[in-house]
Amino acid sequence: MSNGQTTSRYTIERLQSIDRRIIFVFIAAAVIIPLLLGASLKEETTPIVRALFDYVDHLPEGSRVLLSFDYGPTTAPEIQPMVDAVLRQCIERKCKLYMMAVWATGHNLVGQTIEEILKSEYPQLQYGQDYVNLGYKAGSQGLIRLLVVDFKRMYSTDAAGTAIDSIPMMQNIGNLKNFDLIFSFGGGFPGIKEWILYAGDPGHIPIGGGCTAVSAPLLYPYYPSQLVGLMGGAKGAAEYENALIQAYPKFSNMPMAGMSLMMSQTVSHIVIMFFVVLGNVLYFIGRNRNASTKPGGEK
Amino acid sequence: MTTKRLTGHIVLGVVLLVCTLSIVVKGLLVTVGALLTLFIFSFLYKDNPYYKFAEHLFVGVSAAYWMCMGFWGTMVPNLFGKLYPPMVGSVIPALKDNPPEPFMVIPLFLGVLLLLRLSSKAGWISRWALAFIVGTTAGLNLVRYLRSDFIAQISSTMIPLYASGAAGFNLGETISNSVIFLGVMSGLIYFFFSKEHKGVFGTGARTGIIVLMVTFGASFGYTVMARISLLVGRMQFLFDDWLGLIR
Amino acid sequence: MRHLLRLFLILLLAFVVDGQSVYSQESDPVTSTADSVATEPVTPPPASAFGLAGEDMPNDNGHKLRVKWQYPAEAVGDITGFEIWRATSPTGEFRMLGQAPNDYFEYLDIGNKETPAPDFMANNSDFFYKVVAIGKNGLRTESEPGGPFRTYGQWFHRGKTPVLVGVVLFGCFTFYFIRAAKKGKELYVRPLAGIEAVDEAIGRATEMGKPTLYILGIGTASEIATIASFAILGRVAKKIAEYQTQLIVPCYDAIVMSIAQDVVRSSYLQAGRPDQYSDDMVYFVTNAQFAYVAGVNGIMMRQRPATNFYLGYFAAESLILAETGNSIGAIQIAGTDQITQIPFFVVACDYTLIGEELYAASAYLGRDPLLLGSLKAEDWGKGIVMALIVVGVVATIFGWDGFRELIRVNL
Amino acid sequence: MKRTVPLLITLVVGAALIIADFVPHRPFGTLGDDFSLYFDIIAVFAFILGGGNLVRVHIMKLSKKRKDWPFSIVTLAGFFIMLAAGLLKIGNPDDIKGDVAALGSLFSDLYISIFTPLQASMFALLAFFVGSASYRAFRAKNKEATILLVSAFLILLGRTPLGLWLTEGIPDSISFLELPNLANWILDVPNLAGQRAIMIGIALGVISMSLRVILGVERTYLGQDND
C-alpha cells in the first residue's frame, strides 16, 4: 500500500469523525447570521392559515376577540410572532381585545405583550376601552367549562385587581358566547384542544389557534369543522405574517419575527442535512477504499 | 503550561471587562442573564471554569427553589392547613375556618418515618414509607395504563381495511389503513419475548423493526425544527435584548 | 291554549325522564308569573321556565345533580339567560348556584362534598330547585320549585367494565405462569442485545479502571419506569460490586435517592462486599430538569465514566446526556418508556431498550423463573391484543360497530 | 419484620388502589387522589433528605479540598440564599401572606435572573446536539440504519421550502409524492403505527411490572438484605 493512499484514507477517517465543534459552529452561524441580517423567508399562505386570517379580516368593527396565552417562555420564540401578528391585525380591524391565560406562565407574557406591542406601537389605545388584561386563572379545562356559562363568576377582577364591572368593555360580557372569536396560543395542555372541546363545540363559538410545530399534527383534524384555522410553528407564523403584509402594506417595512425565525430554521435544517449527506458520502468512500485495500474484508 | 495560564487570565480579564461594561450600559438583570447564557454555551467548546460556575450555581439555586415551592405550595396548605387549619391562619387566611382533616396524620407519620433514615439504628423503618410510595405507584399506574393507553390504542386500530367514502372506493385511505394495521401487528410481534424470531414469526418481527425504525426517524426529523427555535430564542436574547444588534 | 300545551309537555316529560330520579311536578309550575304576561303589555316579564327535572349523575360518589328544564322556544329571544337556585325544602331558603345562557336548558349542580360548606349537598337527601328566567328588559320570572331530587354514590363504575375484565384476565395469566415457573417449567426468552451488553460494558469499565454512571432519569418514584430502573440497578450494582469497580448514581429526586441507596447497599451486601459500599455513591443533585442535566454533564466531563446507563423516565434532556456521554467515548445503554425520547437514545447510544423491554430487563438480568413467568403472561396479553384487533377490523369491514363499543371505556 | 411489613404495605396499598378505581362511592372514589396527595407530602419531607445530602456532599468537598472545591462554595451560596429568600419570603410585596413566587420578591427576582436564563440555555444546547447526533448516527451502515436515515431525511426535507421546491413540477395526479405530502404521510401513517405498537407494549409492561411489585415477585426496590 502506497504512502499516498494511507494519507487519503487517514483524511477520510479524520473527516468521518469530524470534530463536532465544527458542526456546532455551522449551526450557530445558521441561526445567528439570518438574525443579524434581518433576513426573512416569505411563506406562501396555506389554506388553513389563510382561513384564519380571512376570518379575522372580515370581523366587523368593534368585534370582541378573546386571546388566551397558553404557553410559556420556552415556546415563546415560536408562539410570540403569531400573537404579535394577530394583535396587529385585530387592531387594524378595530376589534376589542380581551387577553387572558389558562397557563400560569402566560400571565407574564400577557403583560410583556401589552408593553411591547400595544403600548409602544399603538399608544392611542386605552386600557379598559380597547383592550383588557384579565390575567391567569387556575382550573384548566374546568375553568373553560365555567366560562362558557358564566364569565364574571371566575373573573371578578382584571389582572391588576380592578373590579370587573368597572371596566367599560367588560359590561356586556356575560359568558364566552359574547365573544366573536376566541384565539388560543400554545399547543400543550390545557390549550387549543380544550378550548375546542369545552368552549367552541358546546357554545358554538369560533375558535382560532396558534401552536408549536410539535403539536400541530394533533390539531389538524379539528380543521375546518371545529377550528376556524390554525398556525403551526414558525412556518404558520410566517405564513400569517405574509398574509398580513399583503393585506396591510404598512407592515411591510416592519421586522417580522416569524419570517426571520423561519429563515433561521430553514438554514439550520439545510446545514444539518448537508452534514448528514457529507457523513454518508465520506462513509461510502471510506468503505470502498477499505474494501479495495482489504479484499475479502467486511461485507 | 504557562501559555495556558496566560490565556486563562486574558479570558478572565475579557469576561470581567464585558461584565462591568454591560452592567453600566444594560443594567444588572440583563447582564447576569447574558453572561450565564454564554457560560452554558461555552460547554460546547469544552468543560471550563465558567461552565462549572454556571453549573454549580444552577444546581444550588434550583434545589432550593423546589424546596421552597414544596414547603409553601404543598407542606403548608396541604399538610398543616388540613391537619390543623388555625396554625396556618396567619399565612393563608382563607384556610383558617376549614375543619381539620385527621386523616392527614397518615402522610405526616410516613414522612417522619422517612426521616428516620438519618438514624443509623432505626433507618430500616423508613422502608415502610418507601413501600407505601411504591405500592401507590404500582396500583395507580396499573389501572391508568390499562384504561388509557392499552384499551384506547386497541380500539383506535380497529379500522376498516377496505375504505370507501361518499365517492366510492378510496384507494389512498385503504392503503394507509392497511399500513397502520400491518405496522401495529408486526410491531407487536417484534416485542414478543418468549418466541424465537424464526420463520413466519421472524418475518413479522423483521417487518416490525422496519416500522419502528421509520417511526424513530420520523420523530427525530420532526423534532429538529422545535429544537432550533429554542436556540433562536436564546440568540434573540443575546443579540437583541443584550447587544441590541438586531434592527 | 298555550297553557294547555305546556301542561301536555310537562306530562310528556314525566314519562320520558327516568322514574326514579324525578318525583317532580305535582303542581302546575305555570302560574301567576306567566299570567302577568297578559297584565303588563308594555314591558312584560319573561316567560317562566317549566318542567324542572333532576337526575343523579351516574358512576360517581354522589353530590352532583343534573337539573333540566324547558322553556317556550318562541320566548328564548326575550331573555339573556337563567339563574339556578337550590334549597333543601320547597319553602326553604334558596341559594343561587350559577347561571346558564338562554339556549341552555340544563345545569350540572356540583355540590360541595364537605358538611360545613354552604353549598354542601348531602347524598340520599332531598333537594329542590328553582330556575329564574332573566328578561332582556331586566325583569325576572321565577319558576315553580321542582323536586324533590336526590343524589347517590355508586358502588361500581359501569363504564369501566372492560378495564375490570382486563385486570382480572391479566392477573390470571400472571398467576398461572408464575405458578408454572415455580413448578420448574423451562421458559424460553429471546436474547435482547441491550441486556447481553451489560456484562461487557461493566467489564470494559473495569479494564479501563473507570467508573460506571447509572442515571435513573428525571422521574419521581411515582413513575413505574423509575421502579423498573431500581430493579435493573439492583442487578447492575451487584455485578459492579463483584467486578470491584466504581459506581456513580446521581439522583434527581430525594425519594428516588433513598430507595436507590437501599438497593445499591443491599446489592453490595449480596455480592459479599458490604465494606465497599458508601452513601457517597448515590447522591442527590437537584430536582430541576436542566439543572440536573448541567450537573450530570459536569460529572461526565470530570469523572470520565467508561459506561453510562440511562434507564427510567426521560424527557428533553435525553439527547443532551447521550451526546455528552458519546463525546467522552463511553459505552451507553439506554432505555425509556417515553416514546418521544426513544429515537434520541436509538440515535446517540450503543444499545437502547425500547419501551416494554425496559420493564422486561430486570427479569432478564435476574434470570429469576418467577419474573420470566410474568414475561410469558405479557406475551399472552399481546396475543389477545392482536386477536382483538383482527376481530375488530373484520367487524368494521362488515359494518358491525357493536364490537368496538364492547371494549369502550366510558369515564 | 424488616422484610415482611414493607411487602405487606405494598400489597395492601396497591390492591386497594386497583379496587378503588372501580368504586366511585366514598371513601374509595377519592382514594387515588388522597394517596397521590400523601405522596406529594412525603416527597416534601424527602426534600429535607435531598437538600441535606446536597449540603453534605459539598461541605465534604470543601473540607477535604477535593478537585474543584471552590465551586462548591458557589453551590452552597446559591442554595442558602435562595432557600432564605423563599422560606422567609424576603421582599415579598404581601409579606408572609403573599404567594412565595410573587413578582417583586427576592425569590422571584433570583428565579427570573438566574434560573430562567440557565434553564433556557441548557435547553437550547439541544439544537447543537441534534446536529452532531444526526451527523454521526445517520449513516447507511445497515438496513435498519438506512431506513432510519431515509425516514428522518424525508421529514427534514419535507418541512423546509427546499422539499417543496424539489418536487414542485410533479403533476397533480401523483401529488402525494410531493415531499411535504410524503412527509406528512410518513408522520400520519407508519409513524403512527409504530408509536401505537410501542404504546401497547409499554402499557403491558407497566401492568406486568405493577403486578410483580404488588404481588411481591419483584422486590429489588426494598433492598435484598434479609435480617
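Read-outs: derived from the displayed coordinates by stated rules, not from any lab. None of these values were measured; they are calculated from a predicted model. Reconstructed Cβ throughout: ideal geometry from the backbone, glycine too, with neighbour counts over all protein chains shown.
Quick notes on this structure:
- Considering only alpha-carbon pairs that sit under 8 angstrom and 6 or more positions apart, the relative contact order computed for chain C is 14 percent.
- The value of relative contact order for region C:189-363, using C-alpha pairs under 8 Å at least six residues apart, is 26 percent.
- Ranked by the mean number of other Cβ atoms within 10 Å of their residues, highest first, the peptides C:313-325, C:52-64 come out as C:313-325, C:52-64.
- Of the residues D:215, A:265, B:3, the one whose Cα sits farthest toward the positive end of the charge dipole of the protein assembly as shown, with +1 on the Cβ of Lys and Arg and -1 on the Cβ of Asp and Glu, is B:3.
- The overall shape of chain C, judged from the alpha-carbon gyration tensor, is prolate: a/c is not under 1.5, and a/b is greater than b/c.
- Helix D:143-158 and the longest principal axis of the Cα set of chain D meet at an angle near 80°.
- Charge-dipole axis of region B:164-242 as Lys and Arg at +1 and Asp and Glu at -1 on Cβ define it, positive-most pick from B:229, B:177, B:207: B:207
- Local net charge near residue B:108, Cβ-Cβ under 12 Å (Lys/Arg +1, Asp/Glu -1): 0
- Ranked by the mean number of other Cβ atoms within 10 Å of their residues, highest first, the peptides C:74-83, C:393-402 fall in the order C:74-83, C:393-402.
- At least 27 Å along the helix axis (C-alpha) and Kyte average at least -0.5, DSSP helices within chain B: B:2-26, B:49-70, B:126-145, B:171-190, B:199-236
- Dividing the C-alpha radius of gyration of region A:182-299 by 2.2 N^0.38 Å, with N its residue count, gives 1.70.
- Taking the three principal axes of the alpha carbon atoms in region C:256-411, the coordinate ranges are 65, 35, 32 Å, sorted in descending order.
- All C-alpha to C-alpha distances of region A:47-254, sorted into 5 Å bins beginning at zero, yield P(r) values of 1, 8, 17, 22, 23, 17, 8, 3, 0 percent in whole numbers.
- Charge tally around residue C:204: other residues with Cβ under 12 Å, Lys/Arg +1 each, Asp/Glu -1 each, net -3.
- Three-way shape call for region C:206-313 based on the alpha-carbon gyration tensor, with the a/c threshold at 1.5: oblate
- Region B:101-158 pair-distance distribution - Cα-Cα, 5 Å bins, rounded %: 4, 16, 16, 14, 13, 10, 9, 7, 6, 4, 1, 0
- Other protein chain Cβ atoms within 10 Å, averaged over every residue that makes up A:223-234: 1
- Contact order normalised by residue count of chain A, Cα under 8 Å, 6+ apart, percent: 26
- Listed peptides C:119-128, D:60-69 appear in the order C:119-128, D:60-69 once ranked by packing, highest mean of other Cβ atoms within 10 Å at the front.
- Helix-derived mean residue ellipticity, 222 nm - over the protein assembly as shown, DSSP H n ≥ 4, -39500 (n - 2.57), to 500: -17500 deg cm²/dmol
- For peptide C:392-402, the mean count of partner chain Cβ atoms within 10 Å of a residue's Cβ comes to 3.
- Volume per residue that the Cα convex hull of region B:164-242 spans, once the total is divided by residue count, Å³: 149
- Given charges at beta-carbon only (K, R positive; D, E negative), |dipole| of region C:189-363 in Debye: 300
- Here the calculated FRET efficiency for residue A:153 and residue C:120, from their Cβ-Cβ distance with R0 = 22 Å, stands at 0.70, rounded to the nearest 0.05.
- Paramagnetic reach from residue C:327 in region B:17-50 [backbone N under 15 Å; point 7 Å along Cα→Cβ]: B:38-50
- Cysteines of chain A lacking any other cysteine Cβ under 4.7 Å from their own Cβ: A:211.
- In chain C, the longest principal axis of the Cα atoms and the axis of helix C:369-397 are about 40 degrees apart.
- Cβ-defined net charge surrounding residue C:60, 14 Å radius [Lys, Arg +1; Asp, Glu -1]: +2
- Distance histogram for the protein assembly as shown (every C-alpha pair counted, 20 angstrom bins, percent rounded to whole numbers): 10, 37, 39, 12, 1, 0
- Rounded, prolate or oblate (a/c below 1.5 giving rounded, otherwise prolate when a/b exceeds b/c) for chain B by Cα gyration tensor: oblate
- Here chain D is assigned +1 on the Cβ of each Lys and Arg and -1 on the Cβ of each Asp and Glu. Its dipole about the Cα centre then comes out at about 1220 debye.
- Over region C:55-165, volume per residue of the alpha carbon convex hull, in Å³: 116
- Averaged over the residues of peptide A:25-33, the number of Cβ atoms from other protein chains lying within 10 Å of each residue's Cβ is 5.
- Helix axis angle, D:190-215 relative to chain D longest principal axis, alpha carbon, degrees: 30
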